[in-house]
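The values are calculated or read from the model by the stated rules, or taken from the named source; none is laboratory data. Being a predicted model, the structure only gives us computed values, none of them experimental. Neighbour counts run over all protein chains shown; Cβ positions are idealised from the backbone, glycine included. Just the protein is used for accessible areas: all its heavy atoms, side chains included, with ligands, DNA and RNA removed. Shrake-Rupley method; radii C 1.70, N 1.55, O 1.52, S 1.80 Å.
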Amino acid sequence: MKHYPYQIGTMAEYQTAYAESLNYPDQFWSGIAENFVWHRKWDKVLDWNFKEPAIRWFEGAQLNITENCLDRHAATAPDRLALVWEPNHPQEAVRRYTYAELLQAVNQCARVLLAMGVQKGDRVCIYMGMVPELAIATLACARIGAIHSVIFGGFSAQSIADRVEDAQASFVITCDRAYRGNKSIPLKAVVDEALLKTESVKKVLVYQRTGEACAMDASRDLWWHEAMERVSTDFLPATVMDAEDMLFILYTSGSTGKPKGVVHTCAGYMVWTNYTFVNVFQYRPGQVHFCTADIGWITGHSYILYGPLSAGATSLLFEGIPTYPDAGRFWDICDKHSVNILYTAPTAIRSLMSFGDGPFEGKSLNSLEVLGSVGEPINEEAWHWYQDKAGKGTLPVVDTWWQTETGGILISNLAGVTPAKPSFATLPLPGIEPVLVDEQGNRLEGPNVSGNLCIAKPWPGMLRTTYGDHERCRTNYFSAYKDLYFTGDGCLRDENGFYRITGRVDDVLNVSGHRIGTAEVENAINLHHEVVESAVVGYPHDIKGQGIFAYVIASSDIKTDDVLRQHILNAVTKTIGAIAKPDKILFVKGLPKTRSGKIMRRILRKIAEGEYAAIGDTTTLLDPAVVEEIIQSAKVL
Ligand code: WTA
């Protein structure tokens, strides 16, 4: 086996590493894994089958991911900044943690968790704004082997209750409130409402962010600042974990109504987030990395926390939104903190595009070296705008394709090392063998083919199960096509072997980079007592990528007006969260169904897109007349 560096520096090195990773995976990954701190090395690199599935990486190894993210850097570069926090309000003070300070804070928080009774293997739900304490709490769980389940701060009380219940979580960590733009959001009150719906939580730890009045239940709730004062500030040795022990659960939407708890484990996830961070962004020691995602999503887990910190980078945590106090905020932050790597989402890029050049006035952006995109397909116009404006026409842009389930990036160019092609994620990372299949599961070989994207072999960062329901994991990802992991995405491969992700092929929407299941939204709408039935589809949206279009049948005796429309929006906000609110609601008398009662979503998608002429054959429908009726009302919506 040839020698190649951990960080790929040339196209030739990429080709060597890629070939080695597929031909000799054990040697390849054990070479990569040598770059981490272990309590015990592995007996076996990989053991797997996709049938059950059973995927085990670095079996026999023992480690703690926080020693790799904190202790080793605190020992060699204690004064290097680990976290820089930029508050929502630009006039508020920046907070900075060196590696030594972050290690200390994580240990202290871990002691608080221990004092609360949290044990290894317990599930801890974290529902917080983007404050340093969110990072600290998450890492503190990992320090003591508790399984964190971070819930994005935009989800509703019902969504929290469902996740708490599914994970049987005994502890919640939250904030009194969160600042977002000019809003202050009462997170603790939402948690209180959620906990009325489940019995599983014993203790709630509350970080005080805004200091506004906040109800506390003395028998259950503790203030973070008080609890931190009560524990020792001494070093806390990390709990030694087995390679395949669970590190975290992260809930994500699928094609059924109920979100799944994607499970990642300690060793493989650590190796994958580090390797992909260092290679895709071409990280050099000392660089400042600004990932604009929320830690409530996988992008924040992997590329605010575990990837950058395990690499010893300075990770910037931003509490606010790109347009507050104005649309130049990202650029202000890049200058203020000398950001080197900016990683954001196409939806943010498209929204900033609409503000023109004004927000760039007076900004230097001289520190920027690499630009990244994630979360949804990036259209060519947005790609070029991003490179032209933020990258002054020259910086490399990496279009990184991956999923909650994949743990880290699977397909992407490597910044400045492998070629870019606008709107293409381009080439697979070492270890990743993409396969395109048609509906019947036939493999589509060669250039210029489109199909459903699958991955043929396991990689260290892939999901291991869905929490509490392994069968669900199997049927969702491993049963559609034999011996393949199915991503749910459509994809084309061009004449150079570059991959272009074309979007979901299942009933999952991608709205502003957030994954939302159509069935989840339908369930929420159907909860309204005046709704008989509904069907939800996506349609192209200039800024959000996809918008949500809901067809609703209301009970016949009721007037379908704006009041009901507002009630439906409220119901969705209450059941899922504001991120899932339909952009358009069309009241209809019937839905296009086959004789067996299946809703023909293809037709509904075409109508939502305004492509009335492309609807095609409707003769197999139970009642073809319904289509014409829907079109007429859609035209006047
Ligand atoms: C989509 C986010 C095109 C895709 C990391 C995937 C993308 C889903 C890209 C996962 C990209 C993510 N180009 N599409 N670069 N990145 N997607 O789980 O449809 O929130 O299946 O993970 O986002 O969303 P998730």
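Considering only DSSP beta bridges with both partners in the range 292-418, what is the antiparallel share in %, to the nearest 5?
Details: 1 of 9 bridges.
Taking every DSSP beta bridge within the range 292-418, about 10 percent pair in antiparallel fashion.
Are any of the pairs 183/363; 183/421; 336/457; 188/544 more than 32 Å apart by Cα-Cα distance, and if so, which?
183/421; 336/457
What is the gain in length, in nm to one decimal, between residue 456 and residue 332 on full extension, counting 0.36 nm per residue of separation less the C-alpha to C-alpha distance?
Working it through step by step, the gained length comes to 40.3 nm.
Using the charge dipole of the range 405-498 (Lys, Arg: +1 at Cβ; Asp, Glu: -1 at Cβ; taken about the Cα centre), state which of 473, 444, 486 has its Cα farthest towards the positive end.
Going by the charge dipole, the pick is 473.
Suppose the chain between residue 629 and residue 234 were pulled fully straight at 0.36 nm per residue; how much longer would it get relative to their current alpha carbon spacing?
Full extension of this stretch gives 135.1 nm more.
Can you give me the C-alpha center-to-center distance between the range 247-280 and the range 431-457, rounded to a whole angstrom?
If we compute the Cα centre of each part, the gap is 22 Å.
For the range 519-563, build the charge dipole from Cβ charges (+1 Lys, Arg; -1 Asp, Glu) around the Cα centre, then report which of 552, 524, 538 sits farthest towards its positive end.
538
Given the chain, report the % of alpha carbon pairs whose separation exceeds 38 Å.
Tail of the P(r) past 38 Å holds 32 percent of the pairs.
Set the Förster distance to 60 Å, then compute FRET efficiency between residue 494 and residue 213 from the Cβ-Cβ distance, nearest 0.05.
E between residue 494 and residue 213, to the nearest 0.05, is 0.55.
Testing the spin-label approximation: label points 7 Å from Cα along Cα→Cβ at residue 392 and residue 258. State their distance in nm.
Modelled inter-label distance: 5.4 nm.
In 10 Å bins starting at zero, report the fraction of Cα pairs in the range 559-633 per bin as a rounded %.
18, 40, 33, 10
Let's test this: bin the Cα-Cα distances of the range 95-239 at 10 Å from zero up to the farthest pair and state each bin's percent.
Spelled out per bin, shortest first, that is 12, 45, 35, 8, 0.
If you add up the charges near residue 46, with Lys and Arg at +1 and Asp and Glu at -1, over every other residue whose beta carbon is less than 12 angstrom from its beta carbon, what do you get?
Charge balance in the 12 Å sphere: -2.
So, counting K/R as plus one and D/E as minus one, what does the shell of residues with Cβ under 10 Å around residue 341 add up to? If you can, show how the numbers build up before the last one.
On the way: positive: 284; negative: 369.
Neighbourhood net charge equals 0.
Place a +1 charge on the Cβ of each Lys and Arg in the range 95-239 and a -1 charge on the Cβ of each Asp and Glu, then give the dipole magnitude about the Cα centre in debye, rounded to the nearest 20. Show your work: numbers first, answer last.
Values: 17 positive and 16 negative charges, 65 e Å.
Computed about the Cα centre, the dipole is about 320 debye.
Tell me, what is the percent relative contact order of the range 508-635, built from C-alpha pairs under 8 Å that lie six or more residues apart? Working shown, then result.
Numbers: 197 pairs, mean separation 28.1, N = 128.
Once normalised by length, the contact order is 22 percent.
To the nearest 20 Debye, how big is the dipole of the range 38-91 about its Cα centre, given +1 on the beta carbon of each Lys and Arg and -1 on that of each Asp and Glu?
With only Lys, Arg, Asp and Glu charged at Cβ, the dipole is about 180 debye.
On the accessible surface of the chain, probed at 1.4 Å, how many percent belong to carbon and sulfur atoms? Intermediate results must be reported in sequence, preceding the final value.
Details: 11770 of 23620 Å².
Roughly 50 percent, rounded to a whole number.
For the chain, what does the relative contact order come out to in percent, with C-alpha contacts under 8 Å and a separation of six or more?
Across the chain, relative contact order equals 12 percent.
Can you tell me how much longer the chain between residue 12 and residue 578 gets when fully stretched, taken as 0.36 nm per residue apart minus their C-alpha distance, in nm with one decimal?
199.1 nm
Could the peptides 43-55, 386-398 be put in order, highest first, of the mean number of other beta-carbon atoms found within 10 Å of their residues?
Working: 43-55: 15.6, 386-398: 17.4.
Going from most to least packed, we get 386-398, 43-55.
Could you please state, rounded to a whole Å, how far the C-alpha centre of the range 123-180 is from the C-alpha centre of the range 470-498?
Here the answer is 30 Å between Cα centres.
Using the Cα centre as the reference, give the magnitude of the dipole from point charges on the C-beta atoms of the chain (Lys, Arg: +1; Asp, Glu: -1; all else neutral), rounded to the nearest 20 debye.
Values: 60 positive and 73 negative charges, 57 e Å.
Here the chain has a charge dipole of around 280 debye.
Once you have the Kirkwood Rh of the range 508-635 from its Cα pairs, apply Stokes-Einstein at 4 °C and 1.567 mPa s and quote D in µm²/s.
87
Would you report the distance distribution of C-alpha pairs in the range 240-281 as whole percents per 10 angstrom bin, up to the bin with the largest distance?
With 10 Å bins starting at 0, P(r) equals 26, 36, 31, 6.
Taking the Cα atoms of the range 406-554, what is the range of coordinates along each of the three principal axes, in descending order and whole Å?
Principal extents (Cα only, largest first): 56, 38, 28 Å.
Please report the antiparallel percentage of DSSP beta bridges with both residues in the chain, rounded to the nearest 5.
On the way: 61 of 101 bridges.
Bridges in the chain are about 60 percent antiparallel.
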